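The next block holds one structure in the form of structure tokens; read it before the comments.
The values are calculated or read from the model by the stated rules, or taken from the named source; none is laboratory data. In this text the structure is predicted, and so the values were computed from the model without any measurement. So basically every Cβ, Gly included, is an ideal-geometry build from the backbone, and we count neighbours across all protein chains shown. Protein only, heavy atoms only, side chains kept; ligands, DNA and RNA dropped before computing areas. Shrake-Rupley method; radii C 1.70, N 1.55, O 1.52, S 1.80 Å.
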Amino acid sequence: MADKVVLMDRAYREKHYPNGYFAAVAKNARGGGVALIICGLVLALMGLGILSLEAAFFSAGEPSESISEIIVIGIIGLVFLVPGIFVIRFGIRRMKSNETDWIKKFVDASDYPESIIRDFGNQVLEDQSLRLRLDSLEGTLTRDYISIANLLSPCVIKIEDVTGAYLVETSYQVNINGKTKTAYTTSIAVFSNHNTYMYATAKENTVKQIQEILLQRNPGIDTAGGRMLSEKEFQEMEAKVNKASK
């Protein structure tokens, strides 16, 4: 899906938010919860299978492996089993979370009262709301708010509270022909005066378009003069916010 900033038309809003924004968030999260449970079950079953196979060798009186090999096999089994159990539990919690639960998650991540978060949800349904179609996530830009749909930390920021909106270069590791190499991509990072921030990979043109819209509504937002921040600069900003929010 190509990055772009697009207007949410009435048909889109009625299709995706028939019962409101947070009801849609809860519904989508339940679907993600099912996927997590399935992944967790696969991991747990793999771990149980390895441990059961090891136990079968013992019960058959065929300890052909050395003690060190037995320990390694047991550890491998646990490496699959334990994370699988945690993923299942996380998926169950995700499935059980309702609209009210998600509003509370937004409140906690955004450092705003519930009334502000509910106002954001209402503004999503207004005619001028924009979809931020980013690299792997979607965001929303309403009359007064911006949010990126990261359900692990569902943050909303009032545009009047945005202190900086930056184009950032970030790196990641890729495997090419059996060799690990560093690749680079661009991202958007938005910081607020509430010691909160949001971040997502996005194409440079999309980031600049979002910066332009934000500056029209809050000319005091810092964009580093439009230049691309290095990963080190972003990490320093991130660390400063994380330290202040503790």
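Would you check if there is a residue in region 17-28 being out of contact with any Leu (no Cβ under 8 Å at 6 or more places or on another chain), farther than 26 Å from residue 207 by Cα and modelled with pLDDT under 75? Checked against the condition, which is being out of contact with any Leu (no Cβ under 8 Å at 6 or more places or on another chain), farther than 26 Å from residue 207 by Cα and modelled with pLDDT under 75, region 17-28 yields no hits at all.
Matching residues to (1) at pLDDT below 85; (2) open to solvent by less than 30 Å² (accessible area, probe 1.4 Å); (3) aliphatic (A, V, I, L, M):
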| site | (1), (2), (3) |
| --- | --- |
| 38 | no, no, yes |
| 43 | no, no, yes |
| 55 | yes, no, yes |
| 111 | no, no, no |
| 114 | no, no, no |
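Of the numbered criteria (1) under 18 Å from the mean Cα position of the chain (by Cα); (2) at pLDDT 95 or above, the one residue 214 fails is (1).
Just the residues that are of a type in the set (S, T, N, Q) and open to solvent by 80 Å² or more (accessible area, probe 1.4 Å), please, taken from region 208-246.
To start, the set of residues in region 208-246 that are of a type in the set (S, T, N, Q) comprises 209, 211, 216, 218, 223, 230, 235, 242, 245.
If the condition is that a residue be of a type in the set (S, T, N, Q) and open to solvent by 80 Å² or more (accessible area, probe 1.4 Å), then 216, 235 are the ones that fit.
Quick one: in region 68-100, which of the residues that are basic (Lys, Arg) and open to solvent by 40 Å² or more (accessible area, probe 1.4 Å) is nearest to residue 28 (Cα to Cα)?
Residues of region 68-100 that are basic (Lys, Arg), as a first pass: 89, 93-94, 96.
Keeping just the survivors that are open to solvent by 40 Å² or more (accessible area, probe 1.4 Å) gives 89, 93, 96.
Values: 89: 18, 93: 13, 96: 12 Å.
Among residues in region 68-100 that are basic (Lys, Arg) and open to solvent by 40 Å² or more (accessible area, probe 1.4 Å), the one nearest to residue 28 (Cα to Cα) is 96.
Among the residues of region 12-27, which ones are in contact (Cβ under 8 Å) with a residue 12 or more places away in the chain and of a type outside the set (A, V, I, L, M, F, W, C)? Don't jump to the end; show me each part of the working.
Applying the first criterion (in contact (Cβ under 8 Å) with a residue 12 or more places away in the chain) to region 12-27 yields 12-13, 17, 20-23, 25-26.
If the condition is that a residue be in contact (Cβ under 8 Å) with a residue 12 or more places away in the chain and of a type outside the set (A, V, I, L, M, F, W, C), then 12, 13, 17, 20, 21 are the ones that fit.
Output the residues belonging to region 136-156 that are β-branched (Val, Ile, Thr) and within 14 Å of residue 188 (Cα to Cα). Steps first, please.
Taking region 136-156 first, the residues β-branched (Val, Ile, Thr) are 140, 142, 146, 148, 156.
Passing the criteria: 140, 146, 148.
Of the residues in region 171-194, at least one is closer than 27 Å to residue 143 by Cα, open to solvent by 50 Å² or more (accessible area, probe 1.4 Å) and not hydrophobic (A, V, I, L, M, F, W, C).
Is region 58-79 home to any residue that is aromatic (Phe, Trp, Tyr) and at pLDDT 95 or above?
No, region 58-79 has no match at all.
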